[in-house]
1. Among 95-104, 415-424, what's the highest-first ranking by average C-beta atoms within 10 angstrom per residue?
2. Could you order the peptides 133-142, 548-557, 149-158 from most to least packed, using the average number of other C-beta atoms within 10 Å per residue?
3. What fraction, in whole percent, of alpha-carbon pairs in the stretch 32-136 exceed 17 Å separation?
4. Return the distance in nm (one decimal) between the two label points of a simple spin-label model at residue 479 and residue 465, each offset 7 Å from Cα along Cα→Cβ.
Amino acid sequence: MDKHHNQQQLSLTKCSRQRHNEWIFRDVPSDITIEMTGGTFALHKFPLVSRSGRIRKLVAEHKDSNISRVELLNLPGGAESFELAAKFCYGVNFEITSANVAQLCCLSDYLDMTEEFSKSNLSSRAEEYLDTIVCKNLEMCIEVLQQCENLLPLADELNITNRCIDAIASKACVEQIASSFSRLEYSSSGRLHMNRQVKCEGDWWIEDLSALRIDFYQRVITAMKCRGVRPESIGASLMSYAQKELTKKSSLWNPSSQPKFETVDGSNGHERVVVETIVSLLPVEKLVIPISFLFGVLRSAMMLDCAVACRLDLERRIGAQLDIATLDDLLIPSFRHAGDTMFDVDTVHRILVNFSQKDDSEDDMEDGSVFESDSPHSPSQSALFKVSKLVDTYLAEIAPDANLKLNKFIAIADTLPGHSRTLHDGLYRAIDIYLKEGSEAHQGLSDADKKNLCQLIDFQKLSQEAGAHAAQNERLPLQSMVQVLYFEQLKLRNALCCSNPDDDLKPVHQSWRVGSGALSASMSPRDNYASLRRENRELKLELARLRMRLNDLEKEHVCMKRNMEKSNSHKFMSSFSKKIGRFSFFGHSSSRESSSPSKHSEGKESKVMEGT
């Protein structure tokens, strides 16, 4: 063993004592054997006892029996680290580096190689190197933390890990501050500002942190947050770490990939811990993490069957910025049994609920002005418009799914408030696809179900093209088609009235123009709802007036017919035609004399009868 040690030489940083090329006392037979896991060393008691308090105590306890063999159990760092400690006891110079300083600190504590037994002992040398060299360099701190992975819990007890973690957080913060100062420049007006176009070079440590184990990485990121490192840098580091650790699940990060229905087994414990830890470390600030990354993590969490709290947190974060999502983001594969829908509709519904609740809370936080928060220029209202279009596109995409239940389809469509859609063309298209493409798949769709489905559509908010299509759509219930025809008549009537401003005729349903057009976006949800109720009452009154006038017309017609049979007078027929022309089906009499009032009135009568 002595010959083997004489052949090995480690070159390390310079110690205060002079360098020896060979072991001291190499010609003296060994009088003690140190055994441990991974090796056995034949050494001498004197150099070991002079430096190690633990070995001194063991030898003293067996002084009478002249102990010659010592077994060291659970030795930190193993045989390789003990060899360095033995060389130190023999006065052989070696270099302390970031690759062995953690082992030497733990080993010197285990062997009790402190100043109490020898001046400038191994413990003080290793501690000095750790504080003065390692903690000044971020890369070396990361390397020491990697060495501490196999030295727990002793490394924590000796405060090695905490010192390295604090040093990393402080160094990263200082790097960012220095980088920010380097981007400061004077504008043409002489004012100092930060140049956003210059790439920030203070985040070079992001890739280095990806080498840490997940528990150490979590502690480092937490320390960085406390030190004030920018949320953008924290987010970039989390994305880098996730992509490195979850490379085997790379298909989950591709939204356009084909959905897979296979569930994972219990051998993905590490990936599950990584996903849950990353979610717990996400910054609270909005728009710091790309929403595509959040959806990717959500897919991973669902596939790995992560904790419910983890998934709900992701859904809440996604809901807070759903207005920047895309259709591919929402198409989350269903990882359940094969009989379920192709895409996870329940998760999307919960995300939409989170978005709606966020929108309501933002409206309540305004300074008592609901009109201001719901104005077309407010971020909340613009977000509602974007999400409503996204939802309609999503519904059209999932509508042909044979396993999609009606209640789930309605739940998705009805999640957003009524004022979120200025036009219902997209919703109408999705419902039409559900009725058309799913005719074979949804054979059990009754007339009542179709009626409930079509109640989602506000036919007043259909464009001219969509209204024309709906008026001839045989897949719609009869009541819906009647509504379409009636509202088309109203639109035509209002258009005619607006094109003739000199007429005394006014639009029959003036409030409809506010309630169904883009102007309704400027109203609050409460006022919009009240307006719709008023419109509904006005519509009912108008229908009642139409019925009464039709009844009056029939009575007049009967009376006139009897008089015609009696008199058979041309003058009487002329007065009859003029009298008929004075009736208006929309509640207003014309101030102008029509050239052919009877014919004009009969045309309107046929249209109204068809609309009702």
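No lab work stands behind these numbers, since they all come straight from the coordinates. All values derive from a computational prediction rather than experimental measurement. Positions of Cβ are backbone-derived with ideal geometry, glycine not excepted, and every protein chain shown enters the neighbour counts.
1. So the order, starting with the most tightly packed, is 95-104, 415-424.
2. Highest to lowest by the protection proxy: 133-142, 149-158, 548-557.
3. In whole percent, the share of Cα-Cα pairs in the stretch 32-136 beyond 17 Å is 50.
4. About 3.0 nm separates the two model spin labels.
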